[in-house]
1. Between LEU74 and ARG139, what is the label-point separation in nm under the 7 Å Cα-to-beta-carbon projection?
2. Extension gain ARG23-GLN11, at 0.36 nm per residue separation less the Cα-Cα distance, in nm?
3. In whole Hz, with x marking every Gly and Pro, tabulate ³J(HN,Hα) for the range 99-114 from phi via Karplus 6.51 cos²θ - 1.76 cosθ + 1.60, θ = phi - 60°.
4. With springs only between Cα atoms under 10 Å apart, run a GNM on the chain and tell me which of GLN16, GLN76, GLN63 wobbles the most.
5. If you take the C-alpha gyration tensor of the chain, multiply each eigenvalue by 5 and take the square root, what semi-axes do you get, largest first, in whole Å?
6. Assuming 0.36 nm per residue, please report the length gained on full extension of the stretch GLU96 to ILE2 beyond their Cα-Cα distance.
7. Of GLY130, GLY89, GLY25, which has the largest mean-square fluctuation in a 10 Å C-alpha GNM of the chain?
8. Which entries of LYS27/LYS138; LYS27/LYS51; LYS27/LYS102 show an alpha-carbon separation above 29 angstrom in the structure shown?
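Since every read-out is calculated from the coordinates, none of them should be taken as a lab result. Note that this is a predicted model, so its numbers are computed, not measured. Heads up, the Cβs are rebuilt from the backbone with ideal geometry, glycines too, and the neighbour counts pull from every protein chain shown.
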Amino acid sequence: MIVQIDTREKQRAIKQIVAEFDRRGVKHVSSKLLVGDYMSLENPKLIIDRKQNLLELCGNVCQDLPRFRRELALAQDCGIQMVILCEHGGTVRSLEDVLNWKNPRLKESPMAVSGARLWRILTALGKTYGVRFAFCSKRETGARILDILDHGAGDL
């Protein structure tokens, strides 16, 4: 497998991911992707968009929803299966676990998004755009990317 990594991924942020690719002997190249962050050259119709945690995902679906929807719509229009891989870790291992997530920003602002509200938004985006959501810890990200790219998004 050869993995294409989007050039907008910050090198220091993906150091562990690239190290995992190298450890497994997976070739990787950096080049701009139409959407998302990671793609196997063998299957360009499956792309992973990495999010560093649920707070980043909240920002995408709340403060930047029009841009985020445009990206999801573009992927859908191009026949690309988009997987959002959120490196939140802890007890958040599936989309259902987002329901019980306690947003730390709720302490400062009662207008912050609750886990239940985020779950509703993500579920609606999944139904509308066919996007899938996967979760892992930061140390698992490289392996999880390779697993999804190698086996597909069917079991998420």
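1. Here the modelled spin labels are 3.6 nm apart.
2. Using 0.36 nm per residue and subtracting the Cα-Cα distance, I get 2.6 nm.
3. Values, residue by residue: 3, 9, 5, 9, 5, x, 6, 5, 5, 9, 9, x, 8, 5, 6, 7 Hz.
4. Maximum among the listed residues: GLN63.
5. Values: eigenvalues 131, 62, 39 Å².
In descending order, the three semi-axes are 26, 18, 14 Å.
6. Numbers: separation 94, 0.36 × 94 = 33.84 nm, distance 3.19 nm.
Using 0.36 nm per residue and subtracting the Cα-Cα distance, I get 30.7 nm.
7. Sorting by GNM fluctuation, first place goes to GLY25.
8. On the way: LYS27/LYS138 21 Å; LYS27/LYS51 22 Å; LYS27/LYS102 38 Å.
Over 29 Å apart, Cα to Cα: LYS27/LYS102.
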